[in-house]
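The values are calculated or read from the model by the stated rules, or taken from the named source; none is laboratory data. Keep in mind that what you see is a predicted model, and the values were worked out from it rather than measured. Cβ placement follows ideal geometry from the backbone for every residue including glycine, while neighbour counts extend to all protein chains displayed.
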Amino acid sequence: MPSNASNSSGLQRLIAQLAPLLIVSALVFALPVLLNNDFLLNKVARYLVLGILTISLGLSWGFGGILNLGQAMSFGLGSYAMAMALKLKTVPVHTGASGLPDFMVWNNVQHLPWFWEPFRSLSFAIAAGLIVPALVAAALGWFMFRGRVTGVYVSIITLATMVVINLVIIDQQSYTGGFNGITDLAQLELFGVAFDAYGRATYYLVAGCVLLSLLVAFAFTKSRAGLIVQAIRDHESRVRYFGYDVALYQIFVFALSAAIAGLAGMLYTVVMEFASPTFLGVQLSLSVVVWCAVGGRQSLVGAFLGAVLVAGMQGALSESAAFLETWTLVMGALFVLVVLFLPKGLAGLAQSTWRWVAQRRQAAGGAVARGVSQTEGST
Amino acid sequence: MDQLIEQIVTGLSIGSILLLVALGLSIIYGSMGIINLAHGEFVMLGAYAAWVFHTYLGLGLLASLVPIFLVVATFGWVIERYVLSLLNNRPLDTILATWGVGIMLQQAVRLMVGSELRYVQLPPALADSMNVFGIPISSYRVFLFVVSIALFGATWVLMNRTTVGMKLRAIIQDRSVAASFGINAKRVYALTFAYGAGLAGLAGALVSPLKSVSPDMGTGYVVDAFMVVVLGGVQSLAGTVASAFILGELSGGIAFLQNDTVAKTIVLLAIVVLIRFRPEGLFTARVRA
C-alpha cells in the first residue's frame, strides 16, 4: 500500500506542477474571445513569441546554470531562416532572373547564392530554423564545455559570438540585406492555411507553439537528463565524480534551448513580417535576461509571464517618449531589486505566498480539529 | 620610418586611455570577482562631472580632478554598500545587478541633463603640441600617458605597500581566515570598489576633452576595458598595463588597415579563443583554482 500511496501523491504533485502551465496556456488560447481587435492581437502575439524566447533562456539559465547572454543569436538565426523562405515566395516586382530578392538586385548579385537555394522549400526552412540554431549551439557548447569553461566566461563567449554573427550579417549586405534586414515578405502558408500577421490563424499558431514549448521544456526538466542537468547546475564536480559526462548534458540543454529560441525566431518573422539584425542584437539579448530574472528563472511559466508582462508594459508605454525614459529608469530599479531580493523572480514570490497560505490554512484546520476533539473529550 | 613611429605613438596614446579605463575594472574584478557592467557608467559620470564643474563652477579640468575622483568614488561606495555587498555568494548575479545599476545611472543622467552631446575644454596649458622623436603630438596626449602610468604606480603602491592593500590581498587569499584575524572585509571591499569607481571617474574626466560626452558613452569603454582585463589576466596589474598597450598598438594598426568589421570580428574571436584556452589571461603565471 505505501508504494501505491506515494505513487498517487507523485501523480498529484505532477498535476499540481502542470496546472499553472495549463491554466496560462488556456488563458492564451481564450484571449481572442475577449479581445476583438486584430491590431492588439498582433501585438499580444509578439509578446507571446518573446515569451517563448524567454522560456528557452530559462531552460539553459534557470535549469542548466548556463547564463547565455547570446540567446538572441538562436532567435535571429531562426528568424532569418523563415524570412529567407518567405522572401523567395514573394511575387517579384523588381527582381532579376529566377525571382532574385530585390536587395540582391540592388547589390548587383547575378545569381541566387548557393545557401539561399534550399530555402525555396518551406519545409527545409522550418527544419533549418530549428536545426541550425541547435547545431551552432551544440558546436559552441562543445567548444566551451569540453574545455570546462564555466560561469562568467560562458556569458562572455556567448555574447561575443552573437556580436560576431551580428557583425557578419550587417556586413554581408548583398547576401543578407545588411542593416535593413529582409523585408517585404510573403505570407506563410502551411497545409492550405494562410497566416496573415494580423489574422486569428497566426495568433493561434503562436499560442499552439507557446503550449508546445512549455510542454517540451517541462518534460525535459522532469526527465532523467533534465534532473542531471539541474544537478550539474547545483554542483558540477560532484556530478562529474559520479561518472556522468557533464559536458554532454550541458551541450544537450544548450542545444535544446537554442532550438526553442529558433522556433520563437521563426514565429517572430511571421508576426513582424520582416527579419532584422536587431533580432540578434545585444539589446534584445539582455532584455531576455531581464524578463527571465523578473519572471523567475527557475520557473518556465514564470519566465514566460515575465516576458509577456514586462515587454507588454514597455510596449504600452512606448507611445510617449517621456514615459519611456522614466520607464527605463523604473525598469532598471525593478531589475536590481528583483536580483537582490527575489532571486527566483515573481514565480518564486508566488510559490512562497502559496505555501504560506497553505500552511496558514493547515494550521487553522489543525486548530479547529483540535478544538473539536477537545469539545468531544469534555462531553 | 616616420609613419611607423607615428603609428607607435598613436598606439601608445590609445593604450594609455585603455589603461586608464581598465585599471579600475581590473582592481574590482581581480580582487572582488565582480564583473562590473556599470563601469562604463562610472566613466560617463566622471565625464559629466568634469562638464558640470566646468560649466557651473568654472573650474578647469585639472583643478576638478580630485573632486571628480571623490564624487564618483562615493557613488561606487554607495553601490557596493547597498547593492553588491548583498550578493556575496552569487557572482553571476553581480553581472545582472551592476547592469541594472548601469541602466539606472545612464537613464538618470539622460533625464537630468538631456541626451545631447556635451563638450569639455582642453586645459589651456596643455592645448599646444610638442615634439616626440620628431613627431608633433598634442601635449594633452603626452599628459594622459604620464597620468596613466602614474595612476598605475599609485595603485601598485596602494596594493603592495600599504596596510589596506595588504588586508585586501589577505581577503583575496581567504576571506574567512582574514576575517578571523580581525580584518573588516566589508569595509575593505567597499573601499576597493569605491577606489575602482573613482579611477573610472578620473578616466572619464580625462578623456572627456578628446571625445564628446553623452549618456551612453560608457558602453564602448566597458567592452574595451573588459578585453584589456581578460587579455592581461585577472589579479595581474602588470598584465593589465601590458595588454592595454598591446591592444592600443593593435587597434592603432587595425585603424590604419581600415576595415572595421573585420577588425572587430578578429578581436572578438581572439577573445573567445583566449578565454577557452587560457582563461587566466596571457600574463598570469600562477593559477589558483
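Residue-level analysis places B:Pro215 among those that are in a loop (DSSP other than H, G, I, E, B), within 13 Å of chain A (Cβ to nearest Cβ) and either in contact (Cβ under 8 Å) with a residue 60 or more places away in the chain or among the basic types (Lys, Arg) (or both).
Residue-wise test of (1) among the hydrophobic types (A, V, I, L, M, F, W, C); (2) assigned to a helix (DSSP H, G or I); (3) under 15 Å from the mean Cα position of the chain (by Cα).
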{"position": "A:Phe279", "(1), (2), (3)": "yes, yes, yes"}
{"position": "A:Ser287", "(1), (2), (3)": "no, yes, yes"}
{"position": "A:Val290", "(1), (2), (3)": "yes, yes, yes"}
{"position": "A:Gln298", "(1), (2), (3)": "no, no, yes"}
{"position": "A:Val301", "(1), (2), (3)": "yes, yes, yes"}
{"position": "A:Phe304", "(1), (2), (3)": "yes, yes, yes"}
{"position": "A:Ala307", "(1), (2), (3)": "yes, yes, yes"}
{"position": "A:Val310", "(1), (2), (3)": "yes, yes, yes"}
{"position": "A:Met313", "(1), (2), (3)": "yes, yes, no"}
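Looking at the range A:316-354 only, could you name the residues that are in the same structural domain as A:Leu50 (by TED's automatic domain parsing) and farther than 20 Å from B:Gly100 by Cβ? Matches in the range A:316-354: A:Ala316, A:Glu319, A:Ser320, A:Ala321, A:Ala322.
Considering only residues of the range A:34-90 that are hydroxyl-bearing (Ser, Thr, Tyr) and in contact with a strand residue (DSSP E or B) (Cβ under 9 Å, 6 or more places away or on another chain), which is farthest from the other protein chains (Cβ to nearest Cβ)?
Filtering first and then ranking leaves A:Ser79.
Considering the conditions (1) free of Cβ contacts under 8 Å to residues at least 24 places away in the same chain; (2) surrounded by fewer than 24 Cβ atoms within 10 Å (Cβ to Cβ); (3) within 14 Å of another protein chain (Cβ to nearest Cβ), B:Leu57 is excluded by exactly one of them, (3). When B:Asp174 is tested against the conditions (1) over 30 Å from A:Leu67 (Cα atoms); (2) loosely packed, with under 13 Cβ neighbours inside 10 Å; (3) not aromatic (Phe, Trp, Tyr), the lone failure is (1). Taken as a whole, the structure leaves A:Leu100 outside the set of residues that are in a loop (DSSP other than H, G, I, E, B), of a type outside the set (S, T, N, Q) and under 14 Å from the mean Cα position of the chain (by Cα).
How many residues are among the hydroxyl-bearing types (Ser, Thr, Tyr) and either facing chain A (nearest Cβ under 7 Å) or over 16 Å from B:Gly33 (Cβ atoms) (or both) when one looks only at the range B:92-113? The number of residues fulfilling the criteria is 0. Residue selection: B:Tyr119 satisfies the criterion of being in contact with a Ser or Thr (Cβ under 8 Å, 6 or more places away or on another chain), of a type in the set (Ser, Thr, Tyr) and closer than 30 Å to B:Leu57 by Cα.
Is it the case that A:Tyr198 is in the same structural domain as A:Pro277 (by TED's automatic domain parsing), part of a loop (DSSP other than H, G, I, E, B) and modelled with pLDDT of 80 or more? Judged against the criteria, A:Tyr198 is a match. Would you mind stating whether A:Arg46 is surrounded by fewer than 24 Cβ atoms within 10 Å (Cβ to Cβ), of a type in the set (Lys, Arg) and at pLDDT 85 or above? Here the answer is yes, as A:Arg46 does meet what is asked.
You will find that of B:Phe145, B:Phe75, the residue that is in a helix (DSSP H, G or I), under 17 Å from A:Ala333 (Cβ atoms) and either within 17 Å of the chain's Cα centre (by Cα) or of a type in the set (Val, Ile, Thr) (or both) is B:Phe75 and no other. Here B:Asn89 passes the criteria (1) without any contact (Cβ under 8 Å) to a residue 40 or more places away in the chain; (2) in a helix (DSSP H, G or I); (3) within 13 Å of chain A (Cβ to nearest Cβ) except the one numbered (2).
Yes or no, residue by residue, for (1) buried (at least 16 other Cβ atoms within 10 Å of the Cβ); (2) in the same structural domain as A:Met84 (by TED's automatic domain parsing); (3) not in a helix (DSSP H, G or I):
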residue: A:Trp114; (1), (2), (3): no, yes, yes
residue: A:Pro118; (1), (2), (3): no, yes, no
residue: A:Ala125; (1), (2), (3): yes, yes, no
residue: A:Ala128; (1), (2), (3): yes, yes, no
residue: A:Pro133; (1), (2), (3): yes, yes, no
residue: A:Ala139; (1), (2), (3): no, yes, no
residue: A:Phe143; (1), (2), (3): yes, yes, no
residue: A:Val149; (1), (2), (3): yes, yes, yes
residue: A:Ile157; (1), (2), (3): yes, yes, no
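Is one or more of the residues making up the range A:358-373 within 14 Å of chain B (Cβ to nearest Cβ) and modelled with pLDDT of 80 or more? Scanning the range A:358-373 turns up no residue that is within 14 Å of chain B (Cβ to nearest Cβ) and modelled with pLDDT of 80 or more.
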